[in-house]
Every structure is written in C-alpha cells, then in structure tokens.
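Okay, so here's the structure we're looking at.
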Amino acid sequence: MSRTFELVSMPATREPRSLLSVDRAISELRRGRMVVIRGHEGRAVLMMAAEAATDNAFATLAETAGGKPLLAITSRRAAVLGLSRSDGDVTLVTPVDDLDILDAHRISLLADPTGQPDTAQTEALLGSIKHSETETFSCESAAIQLTKQARLLPSAIVADITDPMANDLTAWAARHDLFETDAGDVFQHEKTVARTLSRVSEARVPLFDAENTRIIAYRPQDGGLEHLAIVIGEPAKTDAVLVRLHSECFTGDLLGSLKCDCGDQLRGAISEIAKQGSGVLLYLAQEGRGIGLVNKLRAYELQDRGYDTLDANEQLGFDADERVYLPAAHMLRELGFSRIRLLTNNPDKVAAMAHCGIDVSERVQHAFPSNKHNEHYLDTKVRRSGHLI
C-alpha cells in the first residue's frame, strides 16, 4: 500500500530552518555519526543508525547520553522476528532485567536480515530481550523516520539524554559536536519537501520514440534529489492529460535488469504517450518503492533466498511500499494540470493522486509480458498488491 499524507501548515519562517535541519541530520546519520532529537515536554534522545553501530560507537553513545541505550525497530521488523503483532509503527527492544547484552553483533542480528546468523544464537538472543511499543510521534519514532529518509535500514539505537549538564540542550549538543534536530521537523519533512519543489532547469531532449520532448527538473528547497517531468508534445491544460508516474529504477531503467518490468514500463510509457499525441511522464526520485538503491539490493538478496518482493521489504523493516506521491501532485499543478488519465495498473496510485487533489478521470492499462526472471515478481504484484491487468 503506497503512503499518502495530508499537508500540514507550518509558519513560513520555520519552513527553511526545518528543511535544512532534517537534511543535515540525515547527512550526519549517513556518515555514521550520532544525532540529538528534541521531542515534546522537554524530552530528548541521542541516536544513531543501527547499521552504523560498532561496539565503540555503542559505548560512546551510552556514555554521552547517560541513559541506557535501546534498539528501535519498525513493528514490521519486530513481527518478522516474532516479537510483536502490533499495528503500531515502532517497537523498542531492551534486554531482560536490564542486562547489558546489546552490542554491535546482537544489534545486527535483530536489525539486518541479510546476514547469515546462527539460528541457535538468534533464538537465544530473542529469549533474552523484551519489547514494548512507543508513541506514534515519540523521539524513537522520529529516529526511525530519519533512518528511512537517510535510505538506511529502518532501525536505530536510541538513549535518553540524562546528563545533568544537558539542561541547555543546544549548548550541550554543541559541546559534544553533535547536531540537534526537532522531532516535529522530522515528521513534517516529506510534506515540506514536496511543498517546496521548484523548477531549476528545462531543456528540449528528443527521445527515440518521442522527438518533441521537454525535460523539466524540480528541486526541493533543501537541495535534495530532483524529480523530473518529461513533457511529450504539447498537452492541453483544458483536457485530461495522459500521465505516467514512474519511480526511478537504476537496475531496470539504466541497466536493463530482468528482475523487474521497470525498463519496459518506462520506454513503453514514452512510446504510448507519443502515439496518443501528448502527455507527461513524471520520473520520481524514489528508488525501490521509496527505500533507496542500497536497500533495494538488500531486498534482492532476500528474494534470492525465496522471499517475494513484498516480504523482502518487510523483512528489512519497511512497509511493502514507502512511496509518497505529494511531489507528483505538486509538479502536475505547477505544470497546470489538475485532471489526468493515469497510465498504470496500480490502483494505489489512482487513490493516492485523488487523495492529493488530482482528478483521475481514467485509469489506462499499462502491462508488459513477463520473462523467467520477473514472472514471480509480476504475479506477486497482482496477487498481493492488487495490480490490475
């Protein structure tokens, strides 16, 4: 199920600071560093991405924060481990009786399914931990959201900051050379990014099947990844324009991977739009259904072990589909289109665009033959994701 969001207003003076704050926190996590998250009612935590954990980093985090570290994982990952069947977003994992057993190796066993764990060791570990849920907008939930936005595994090591010298949190963070961000900014980030997309360049680029084509690049205010609008022909703004929402796929679009049908869908959509005279293909920077290229490769590794494409994502701790379609809706409005014919077999895309205020007057079928490498993938999309053929 693709994710959709409502836009929530924030003060205009706050928005630029919010974007830059979260973008900087994401950069810190991708470098393996710790980040301070300020929550509500005076609470604050120190966190780092679980996949960056080493024994030294774990010890440093505990010593610096003062609170006892715990592991935050998504409830989907917890369910895979047999720890929880909750509908909540985040599960907290701590040792039974507060025994100090969470080291880098054990954290990896709990957070990363792509390793080759010893089954007996994993079962023993699961028997020595306890788990609990956290609030929807807690600091731990913000920590998980940050790891997702950083395109890392969705798991984090988190400790309450109990150092008595941290009464002035901003000064304390500066003394420890730590970056501080606000949990509310983290939760608003995807919506704020979509709202701040603006054109940064445009050029005519004749394509093999569509010579009369313009490519328009949109960049968010935080300088993040660009989305592209590929405008074919001269679509009339008074009509329902033919539109394809295409999530980037490095392996399928560029390398011609046979594990998916993305390359066929991309080239087929360009050809079909050109045949019908005009339309728009939105090339969205959300690789691997929004989990990023590295995590998509991890999912491929799990698929080679027998998991289908949805189960592989959930083994990693992600939702089956992490994509957000607010950027697509913003780009269409900026181009002057509010009514579309959507080229897709995915009913979730139709629902998502309608939720974002775009009138989908028609779903246009968009399917291609399978091969021996992707037939199970395509069958899974029909059986489990409700794709239409």
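Determine the pairs where a residue that is closer than 16 Å to residue 94 by Cα, located within the stretch 44-55, has a partner that is surrounded by fewer than 24 Cβ atoms within 10 Å (Cβ to Cβ) and among the acidic types (Asp, Glu) with Cβ atoms under 7 Å apart, the partner being 6 or more residues away or on another chain.
45/160
Within the stretch 239-248, which residues are surrounded by fewer than 19 Cβ atoms within 10 Å (Cβ to Cβ) and touching a His at 6+ places or on another chain (Cβ under 8 Å)?
none
Does any residue of the stretch 174-196 turn out to be buried (at least 21 other Cβ atoms within 10 Å of the Cβ), in contact (Cβ under 8 Å) with a residue 24 or more places away in the chain, out of contact with any His (no Cβ under 8 Å at 6 or more places or on another chain) and small (Gly, Ala, Ser)?
Within the stretch 174-196 (the criterion being buried (at least 21 other Cβ atoms within 10 Å of the Cβ), in contact (Cβ under 8 Å) with a residue 24 or more places away in the chain, out of contact with any His (no Cβ under 8 Å at 6 or more places or on another chain) and small (Gly, Ala, Ser)), the answer is no, since none of the residues qualifies.
Report, by residue number, each residue of the stretch 282-315 that is aliphatic (A, V, I, L, M), in contact with a strand residue (DSSP E or B) (Cβ under 9 Å, 6 or more places away or on another chain) and without any contact (Cβ under 8 Å) to a residue 60 or more places away in the chain.
Result: 282, 284.
Among the residues of the stretch 28-42, count how many are farther than 17 Å from residue 176 by Cβ and without any contact (Cβ under 8 Å) to a residue 24 or more places away in the chain.
Total meeting the criteria: 2.
Out of curiosity, is residue 245 under 28 Å from residue 152 (Cα atoms), in contact (Cβ under 8 Å) with a residue 24 or more places away in the chain and not in a loop (DSSP other than H, G, I, E, B)? Step through it out loud before you land on a result.
Numbers: under 28 Å from residue 152 (Cα atoms): yes; in contact (Cβ under 8 Å) with a residue 24 or more places away in the chain: yes; not in a loop (DSSP other than H, G, I, E, B): yes.
It is true that residue 245 is under 28 Å from residue 152 (Cα atoms), in contact (Cβ under 8 Å) with a residue 24 or more places away in the chain and not in a loop (DSSP other than H, G, I, E, B).
Would you check which residues across the stretch 221-236 are out of contact with any Leu (no Cβ under 8 Å at 6 or more places or on another chain) and charged (D, E, K, R) and list them?
226, 234
Given the conditions (1) charged (D, E, K, R); (2) within 24 Å of the chain's Cα centre (by Cα); (3) not in a loop (DSSP other than H, G, I, E, B), report the number of the one that residue 222 does not fulfil.
Among (1) charged (D, E, K, R); (2) within 24 Å of the chain's Cα centre (by Cα); (3) not in a loop (DSSP other than H, G, I, E, B), residue 222 violates only (3).
Applying the selection to the stretch 126-148, what residues are surrounded by fewer than 20 Cβ atoms within 10 Å (Cβ to Cβ) and out of contact with any Ser or Thr (no Cβ under 9 Å at 6 or more places or on another chain)?
So in the stretch 126-148, the residues surrounded by fewer than 20 Cβ atoms within 10 Å (Cβ to Cβ) come out as 126-133, 135-137.
Once the filter is applied, which keeps residues that are surrounded by fewer than 20 Cβ atoms within 10 Å (Cβ to Cβ) and out of contact with any Ser or Thr (no Cβ under 9 Å at 6 or more places or on another chain), the stretch 126-148 yields 126, 127, 128, 136, 137.
State which residue is farthest from residue 114 (Cα to Cα) when the search covers only the stretch 284-330 and only residues that are crowded, with 22+ Cβ neighbours inside 10 Å and aromatic (Phe, Trp, Tyr).
So the residue we want is 325.
Quick test of your reading of the structure: residue 253 fulfils all but one of (1) assigned to a loop (DSSP other than H, G, I, E, B); (2) without any contact (Cβ under 8 Å) to a residue 40 or more places away in the chain. Name the failing condition by number.
So the condition that residue 253 fails would be (1).
Can you spot a residue in the stretch 249-266 that is surrounded by 19 or more Cβ atoms within 10 Å (Cβ to Cβ), of a type in the set (Ser, Thr, Tyr), more than 26 Å from residue 111 (Cβ to Cβ) and in the same structural domain as residue 328 (by TED's automatic domain parsing)?
no
Hey, could you check the stretch 353-389 for residues that are in contact with a strand residue (DSSP E or B) (Cβ under 8 Å, 6 or more places away or on another chain) and surrounded by 13 or more Cβ atoms within 10 Å (Cβ to Cβ) and say which is modelled with the lowest pLDDT?
If we take residues in the stretch 353-389 being in contact with a strand residue (DSSP E or B) (Cβ under 8 Å, 6 or more places away or on another chain) and surrounded by 13 or more Cβ atoms within 10 Å (Cβ to Cβ), then 388 is modelled with the lowest pLDDT.
The values are calculated or read from the model by the stated rules, or taken from the named source; none is laboratory data. From a predicted model like this one, the values you see are computed outputs, not experimental measurements. Counting neighbours? That spans all protein chains shown, and the Cβs are built from the backbone with ideal geometry, glycine included.
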